Amino acid sequence: MTNGDVHALSGAYVLDALTDIERAAFRRHLASCATCAIEVAELQETAARLADGAWSIPPPSLRDKVFAEVSRTRQDAPTPVKPVRPQRNRRLFTVAAAVVLAAVAATGTFAVQENRLDDQRTAAQAEAGRVTEVLSAPDATLRSENLATGGRLTAVVSPSRDQAVLTMTADRPAGIDRTYQLWLVDDAGGAVSAGALPPGTTSATRLVTGAAAAAAFAVTIEPAGGSTAPTTKPLATVTVA
């Protein structure tokens, strides 16, 4: 392998695309070539930035563009020039390597995001299945009350499953820095949160456990983020028979 050949291996070294012999030769070369050392450091920094960047779904044309760019980029060994000034061919190879690194990073983050979306879909489907089981339970009962400010709170309770499905629909948002919050209320009047809605949200469905011990379900308006106990009078209370 000539010295010119070794100079052309910076991008392949960063991409881990060298044979064991080429890698060993290039590492020996790095110890005495400041130009290649700088080039490798730049490429490694680019790879790190790409790996840490925010994910985005790559367009379908990305793969074709990457391979088209690589096919247009010459990767021949450069002719000798001053050591401190990288040759044009080597710089073009660096650009091609950066493009490949971008493709690898985009593909990896896309796969991670796809996995996350799959997990979310699976969780949503499982939740929908549990809601359906409560609604179709033989002992399920339905009760509802109107909200004082307009809207409706509905509770479907299955004592045998110890679960309830709460559905709330309001005619208007709770207000600035305020939110609707659902509650399970026991015989003594103690309330346990069944979830606060995101600010600005006017409808929600919640599957709650512990319904067998609840004497009623209620909805109040609370500060954004919710409260540990109701701070306002309930807008509606659905009593469990």
- Message: So if I check each of L184, L142, L135, which one is touching a Ser or Thr at 6+ places or on another chain (Cβ under 9 Å) and either of a type in the set (D, E) or over 15 Å from V240 (Cα atoms) (or both)?
- Response: L135
- Query: Just to be sure, is P159 under 29 Å from the mean Cα position of the chain (by Cα) and modelled with pLDDT under 95?
  - Reply: no
- Somewhere in the range 233-240, is a residue closer than 18 Å to A170 by Cβ, touching a Gly at 6+ places or on another chain (Cβ under 6 Å) and among the hydrophobic types (A, V, I, L, M, F, W, C)? no
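The values are calculated or read from the model by the stated rules, or taken from the named source; none is laboratory data. Worth saying up front: this structure is predicted, and the values here are computed from it rather than measured. Cβ sites come from the backbone with ideal geometry, for glycine too, and all protein chains shown count toward neighbours.
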